[in-house]
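*Asks:* Take this structure, written in structure tokens, and hold onto it; I'll ask about it next.
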Amino acid sequence: MAIAVDQAIQQKPLSFDEFLADYGGDNRYELIDGEVFDLEPTGLHEEVAAFITTKLCVQIDGTGLPWFVLQRGLLRPSNTGMTAFRPDIVVVDQGELIKEPLWNDQSILTLGTSIKFVAEVVSGNWQNDYARKLEDYAVLGICEYWIADYAGLGGTRHIGKPKQPTLSICTLVDTEYAIQQFRGNQTIVSETFSGLQLPAEQVLSAGQ
């Protein structure tokens, strides 16, 4: 989902505080192990993210739960000092925000308990979405993680061969994600949003 910032610009690994000072005001950047990534979302990427957001908002409104969708906020895992993810879509439990140490002053989450759902739309450096974030989101205890690979960019070991648009829905089982993949007219299955009755292609082709 991201492209590394030109090393001519970033000469050394950045701490979280340095990243926040230099890039915190621009929602196109995130920090992974001290390296700054430029998210550079395309128009199609944003359309897919917007479609998912719209559908989730309808589901949230229907349940009456104190949840809301946060877009482009920062997720700084409390167990890592030089990482600040900026997920495309985050569903936040408003009741948990009282425990968040940074929330009142900045749109920054640190606790997995605040997050009910997260989604990444793949459009660049897919390795982060399929590997690093998959691991870290599981460690944080986030119950459901979607990887919306609308262009079929992921490696063949992740989405098979021949590569094709794929929605991977990762559901937390104990401490690891069980991954179920959906393509074409297959109806997606979400434990968090069981009311969703959408074919995968409707999600993946939202930007076309």
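Computed from the coordinates by the stated procedures, all read-outs in this text should not be read as laboratory data. This one's a predicted model, so the numbers in the text were calculated from it and none came from an experiment. Quick reminder, even Gly has a Cβ in these numbers, built from the backbone with ideal geometry, and neighbours come from all protein chains shown.
*Asks:* Starting from the 7 Å offset along Cα-to-Cβ, what nm value, one decimal, do you get for the label separation of ALA50 and LYS161?
*Replies:* Spacing of the two 7 Å Cα→Cβ label points: 3.7 nm.
*Asks:* Where a ≥ b ≥ c are the square roots of the eigenvalues of the C-alpha gyration tensor, would you call region 149-208 rounded, which needs a/c under 1.5, or, failing that, prolate if a/b is larger than b/c, or oblate?
*Replies:* Note, shape of region 149-208 comes out oblate.
*Asks:* Follow-up. How far is it, in nm, from the label point at GLU18 to the one at GLU135 when both lie 7 Å from their Cα along the line to the Cβ?
*Replies:* Modelled inter-label distance: 2.3 nm.
*Asks:* Taking amide H atoms as placed 1.01 Å from N in the peptide plane, list the residues 5 or more away in sequence, or in a different chain, whose amide H sits under 5 Å from that of LEU153.
*Replies:* Sorted by chain and number, the residues that satisfy this come to none at all.
*Asks:* If each residue of separation counts as 0.36 nm, what is the full-extension length gain between PHE68 and LEU196 once their alpha-carbon separation is subtracted?
*Replies:* Gain in length upon complete extension: 44.4 nm.
*Asks:* Okay, moving on. Provide, in order from the shortest bin, the percent of all Cα-Cα pairs of the chain in each 5 Å bin, continuing until the bin that contains the maximum pair distance.
*Replies:* In order of increasing distance, the bins hold 1, 7, 16, 20, 21, 17, 10, 5, 2, 0 percent.
*Asks:* Based on the Cβ-Cβ distance of LEU102 and THR175, what FRET efficiency does E = 1/(1 + (r/R0)^6) give at R0 = 35 Å, to the nearest 0.05?
*Replies:* So the FRET efficiency works out to roughly 0.90.
*Asks:* Collect residues whose amide H, placed 1.01 Å from N in the peptide plane, falls under 5 Å from the amide H of TRP146; neighbours closer than 5 in sequence don't count.
*Replies:* VAL118, ALA119, GLU120, CYS170
*Asks:* Let me know the charge dipole size of region 69-208 about its Cα centre in debye, to the nearest 20, where only the beta-carbon of Lys, Arg (+1) and Asp, Glu (-1) is charged.
*Replies:* So the dipole magnitude of region 69-208 works out to roughly 420 debye.
*Asks:* Of the listed pairs LYS12/LYS163; LYS133/LYS163; LYS55/LYS133; LYS133/LYS161; LYS116/LYS161, which have alpha-carbon separations greater than 28 Å here?
*Replies:* From the list (LYS12/LYS163; LYS133/LYS163; LYS55/LYS133; LYS133/LYS161; LYS116/LYS161), the Cα-Cα distance tops 28 Å for LYS12/LYS163; LYS116/LYS161.
*Asks:* Further question: Where does the chain land at 222 nm, in deg cm²/dmol rounded to the nearest 500, when only DSSP H runs of n ≥ 4 count, each adding -39500 (n - 2.57), divided by all residues?
*Replies:* Calculated mean residue ellipticity at 222 nm is -6500 deg cm²/dmol.
*Asks:* Given H placed on each backbone N at 1.01 Å, which residues far from GLU35 in sequence or on other chains put an amide H within less than 5 Å of it?
*Replies:* LEU14
*Asks:* Follow-up. Over region 61-208, what is the mean sequence separation of C-alpha contacts under 8 Å (at least six apart), divided by residue count, expressed as relative contact order in percent?
*Replies:* It comes to 15 percent, rounded to a whole number.
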